[in-house]
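A.B. asks: If you scroll down you'll find the structure; I have some questions about it.
The values are calculated or read from the model by the stated rules, or taken from the named source; none is laboratory data. These numbers come from a predicted model, not from an experiment. All Cβ positions, glycine included, derive from the backbone under ideal geometry; neighbour counts span all protein chains shown.
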Amino acid sequence: MIEEYFLNFYQEGISMNPWMITWLLLAVITLGIELITVGLTSIWITGGSLAALAVNALHGPVWLQILVFFVVTFALLYFTRPWAVKYLNSKRTRTNYEETIGREVRVIERVDNHAGTGRAILNGMEWTARALNENDTFEEGTLAIVANVIGVKLIISRKDAPQDVGLITEETDDESLSGASDPMPVPERGL
């Protein structure tokens, strides 16, 4: 039986059929998308379509081609995507703004929530700064501690104040920082 199959395959050769063209087009299109996006979005489908193309070239039935396509695509996605994301995207720059919390900054422009003013220097970069407590002001040259980061604003507190710092990642406008009568609640930071 197997000998007949290979003899038949040898005599017929590889012939172009609609499914072979389908798998080939799918592989070329998804590979093109992958080359354009370079985001590991469709390379898995390319692998599945190439496997289905191989089954087609061996004169496998259409149901087997479709089955091989889905099995190989999902296997590649499941087993190789985590590795690829970890090692191929490792050079992506991370912001790590969380590391700024608890760091010391130098105020370069008076920080006053009521006036909506304030700038501070952190790691040689200039940031907009606001006081954690509504009534606190920081004069130019004062050293303070970063209590939080909201968007592109450093929320600072007195250097000698107890540090109950945490992360709040929601954007807020200046009115919410300066209009509240109580200081902004800050969740505790887990170590």
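A.B. asks: Being under 31 Å from the mean Cα position of the chain (by Cα) and either at pLDDT below 90 or loosely packed, with under 12 Cβ neighbours inside 10 Å (or both) is the filter here, so list the residues in the range 109-126 that pass it.
C.D. replies: Matches in the range 109-126: Leu122, Asn123, Gly124, Met125, Glu126.
A.B. asks: Follow-up question, since we're still on this one. So the check is Cβ under 7 Å with 6+ separation or different chains; which pairs have a first residue in the range 110-123 that's within 15 Å of Gly141 (Cα to Cα) and a second one that's basic (Lys, Arg)?
C.D. replies: Final answer for the pair search is Val111/Arg130; Thr117/Arg110; Gly118/Arg110; Gly118/Arg130; Ala120/Arg106; Ile121/Arg106; Leu122/Arg103.
A.B. asks: Now for a different question. Is it the case, given these coordinates, that Ala51 is surrounded by fewer than 16 Cβ atoms within 10 Å (Cβ to Cβ) and among the small types (Gly, Ala, Ser)?
C.D. replies: Criteria not met by Ala51.
A.B. asks: Restricting to the range 112-138, count the residues that are touching a helix residue (DSSP H, G or I) at 6+ places or on another chain (Cβ under 7 Å) and basic (Lys, Arg).
C.D. replies: 1
A.B. asks: If Arg106 meets every condition in (1) outside any helix (DSSP H, G or I); (2) at pLDDT below 90 apart from one, which number is that one?
C.D. replies: For Arg106, the failing item is (2).
A.B. asks: Any residue in the range 57-77 that is on the phi > 0 side of the Ramachandran plot and free of Cβ contacts under 8 Å to residues at least 60 places away in the same chain sitting within a Cβ distance under 8 Å of a residue that is surrounded by fewer than 16 Cβ atoms within 10 Å (Cβ to Cβ) and part of a helix (DSSP H, G or I)? List the pairs, counting only those 6 or more apart or interchain.
C.D. replies: His59/Tyr5; His59/Asn8; His59/Phe9; His59/Glu12
A.B. asks: Return the residue satisfying two criteria in turn: it lies in the range 4-37 and is outside any helix (DSSP H, G or I) and loosely packed, with under 11 Cβ neighbours inside 10 Å, and of such residues it is modelled with the highest pLDDT.
C.D. replies: Only one residue fits best here, namely Met16.
A.B. asks: Got a number for residues in the range 38-48 being surrounded by fewer than 17 Cβ atoms within 10 Å (Cβ to Cβ) and either closer than 14 Å to Val71 by Cα or of a type in the set (A, V, I, L, M, F, W, C) (or both)?
C.D. replies: The total comes to 2.
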